Amino acid sequence: MFDSLHFSNSFARLGEDFYSPVRAEPIADARLVSVNPAAASLVDLDDTALASADFIALMAGRQLPPGARPLASVYAGHQFGGYTPQLGDGRALLIGEVQNRQGQRWELQLKGAGQTPYSRFADGRAVLRSSIREYLCSEAMHSLGIPSTRAMALSTGSTPVYRERIESAAMVLRMAPSHIRFGHFEYFFHSGRHDCLQQLADYVIEQHFPHCAGLPAPARYQQWLLEVVERTARLIADWQAAGFCHGVMNTDNMSILGLTIDYGPFAFIDDFDPGFVCNHSDSHGRYAYNRQVAIGLWNLNALAHALSPLIPVPALKDCLMQYEPVLLARFRQRMQHKLGLATDQPGDDELVGQLLQLLAAERRDYHDFFRRLGNIAAAELATLDDSFVDRERWRSWRTGYQQRLAREDRDDSQRQA
Ligand code: AMP
Ligand code: MG
């Protein structure tokens, strides 16, 4: 089945300042837990390929396709606000980049494939429990229309992994056009290797922002950063609207393509508590649900700082200034969709803001509330009145919403859908 994979390995050509070649460490008695034909089709692999012995060998870490150049990349990052000068792929191997029949490139990463020079004191492994979470959630995010890394397959085996208790080792075959993080740029900036910084920026622009490549410097870098700011702003607006809490928004977990990456202690919010913290090791609540918006900008500031050798400071500031308006516009649009509104009208921000305050005051289940709003006909929303403690407040919001719906030119079944 591997003959159909065509590797290009452009990242490997950057040279060994950017990574270390690493071999996968197999897991014993490996078996597939699940395969995802939708993600596999992105690199032209069909069901026969996914059922082949080659594929199981890959998912065991035993044998990689010919042409794969397994490597672990080096990066750094701000973790919980403090700078760590060297991190890197400690348990994920970039096995190569595959070009599909449409000419699109996808990086394939095997996560949980054993130790690398960047594993520090850890074992390079992933456990089945957290791998299932990543496998399911990354695909769920994609299906919700939220940019994310993808997941093609999940395997497990008998190799023991020592956490709070002994668990089974697992591997996820993760995919993205690029897994480059803000932290890759911080690594070269803070270590004073500005030639590598520029090489990496040129590489990312050429591969993923080709429309910027023809611009002269520094406009080329400025336009690229602006687009990273915009993508990040839209991503975080998407998270907020979906009630998604990332849990570890360190700069090494921020994708340069604006993808959701690194599914650790993530959660979808249940009872609407804006201060909800999903990561039990985040004792100060740095990455609470209602701080994600500010942290997104903080992280972009760290990226902008790292790019200061390439972009003059006033231009860096101009780029960062776009974060807030882009985020607010996207959030408004997402919330209008959640409310079944097809048009953009004055007063919509207040309608959304008042609703969120009400849901927070009542600690209402966020998703359950929106499901009900969609399942009940607009004329019958009064049936929800009794489910609120502060009925007057709800009733006043509901009336405002019903009046707003009367200004939409479509019937209620469309709103409900
Ligand atoms: P995270 O907070 O999961 O993004 O991880 C931060 C850093 O620790 C990254 O460089 C990871 O590659 C590394 N890391 C996390 N878990 C492990 C592990 N089990 N083995 C090796 N490195 C790890
Ligand atoms: Mg990480």
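The values are calculated or read from the model by the stated rules, or taken from the named source; none is laboratory data. Predicted model only: the values in this text are computed from it and were never measured. Ideal geometry is used to build each Cβ from the backbone, glycine not excepted, and the neighbour counts take in all protein chains shown. With ligands, DNA and RNA removed, areas are computed over all heavy atoms of the protein, side chains included. Shrake-Rupley method; radii C 1.70, N 1.55, O 1.52, S 1.80 Å.
Can you tell me the alpha carbon radius of gyration of the range 1-48 divided by the globular rule-of-thumb value 2.2 N^0.38 Å?
Its radius of gyration relative to the 2.2 N^0.38 Å reference: 1.54.
Which far-off residues, 5 or more places away or on another chain, put their amide H under 5 Å from the one on Thr84, with H placed in the peptide plane?
Distant-sequence amide H within range of Thr84: Gly77, His78, Gln79.
Would you mind telling me the share, in percent, of accessible area of the chain contributed by carbon and sulfur at probe 1.4 angstrom?
Working: 9090 of 17860 Å².
That share works out to 51 percent.
I'd like the accessible area for Cys137, computed on protein heavy atoms only with a 1.4 Å probe and all protein chains in place. Round to 10 Å², please.
Approximately 10 Å² of Cys137 is accessible to the 1.4 Å probe.
Please report the accessible area of Ser191 (heavy atoms, 1.4 Å probe, ligands and nucleic acids excluded) in Å², nearest 10.
Ignoring ligands and nucleic acids, Ser191 comes out at about 60 Å².
Let me have the relative contact order for the chain, percent, based on Cα pairs under 8 Å that are six or more residues apart.
13 percent
Counting only heavy atoms of protein chains, what accessible area per residue, in Å², does the chain have with a probe of 1.4 Å?
So the chain comes to 43 Å² accessible per residue, rounded to a whole number.
Scan the range 155-236 for GluC sites (Glu not before Pro) in coil per DSSP, keeping those whose Cβ has at most 15 other Cβ atoms within 10 Å, and list them by number.
In loop regions of the range 155-236 (DSSP not H, G, I, E or B), the sparsely surrounded GluC sites (Glu not before Pro) are Glu164.
Classify the range 120-194 from the C-alpha gyration tensor, please: rounded if a/c falls under 1.5, else prolate or oblate depending on whether a/b exceeds b/c.
It comes out oblate by the Cα gyration axes.
Could you give me the ³J(HN,Hα) list for the range 224-238, computed from phi with Karplus coefficients 6.51, -1.76, 1.60 and θ = phi - 60°, whole Hz, x at Gly and Pro?
Here the 3J(HN,Hα) series is 5, 4, 4, 5, 5, 4, 5, 5, 5, 4, 5, 4, 6, 4, 4 Hz.
With N residues in the range 279-369, what two-decimal value do you get for its Cα radius of gyration over 2.2 N^0.38 Å?
1.40
Can you tell me the FRET efficiency between Phe80 and Glu16 if r is taken as the Cβ-Cβ distance and R0 is 22 Å, rounded to the nearest 0.05?
On the way: r = 30 Å, r/R0 = 1.37.
Plugging the Cβ-Cβ distance into 1/(1 + (r/R0)^6) gives 0.15.
Using the Kirkwood radius over Cα pairs, work out the Stokes-Einstein diffusion coefficient for the range 155-256 at 10 °C and 1.306 mPa s, in µm²/s as a whole number.
In µm²/s, the coefficient rounds to 97.
Starting at the first residue of the range 282-297, write each ³J(HN,Hα) from the Karplus equation 6.51 cos²θ - 1.76 cosθ + 1.60 with θ = phi - 60°, in whole Hz, x for Gly and Pro.
With the stated coefficients, the range 282-297 comes to 8, 5, 8, x, 4, 9, 4, 3, 7, 10, 4, 5, 5, 5, x, 6 Hz.
With all protein chains present and a 1.4 Å probe, how do Lys111, Lys338 order by accessible area, largest first?
Ranked from most to least accessible, the order is Lys338, Lys111.
How big is the range 142-183 by Rg and Dmax over its Cα atoms, in Å?
14.3, 36
What list of ³J(HN,Hα) couplings, whole Hz, do you get for the range 52-65 from phi and the Karplus terms 6.51, -1.76, 1.60, once you set θ to phi - 60° and write x for glycine and proline?
Result, ordered by residue: 7, 5, 4, 5, 5, 4, 5, 6, 8, x, 7, 8, 9, x Hz.
Using only the heavy atoms of the protein chains and a 1.4 Å probe, how would His142, His78 rank by accessible area, largest first?
On the way: His142 85, His78 30 Å².
Putting His142, His78 in descending order of accessible area: His142, His78.
Per the Kirkwood treatment, what hydrodynamic radius in Å, one decimal, follows for the chain from the mean inverse distance over all distinct Cα pairs?
Result for the chain, one decimal place: 23.0 Å.
Which Cys residues of the chain have no other Cys Cβ less than 4.7 Å away and so no disulfide-compatible partner by this rule?
Cys137, Cys196, Cys212, Cys319
Quick one: which residues, 5 or more positions from Cys245 or on another chain, have an amide H under 5 Å from its amide H? H modelled 1.01 Å from N in the peptide plane, none for Pro or chain starts.
Those qualifying (amide H under 5 Å, at least 5 residues apart or on another chain) are Ala267, Phe268, Ile269.
Out of residues 5 or more away from Met254 or on other chains, whose amide H comes under 5 Å of its own, with H placed 1.01 Å from N in the peptide plane?
So Met254 has HN proximity to Phe182, Gly183.
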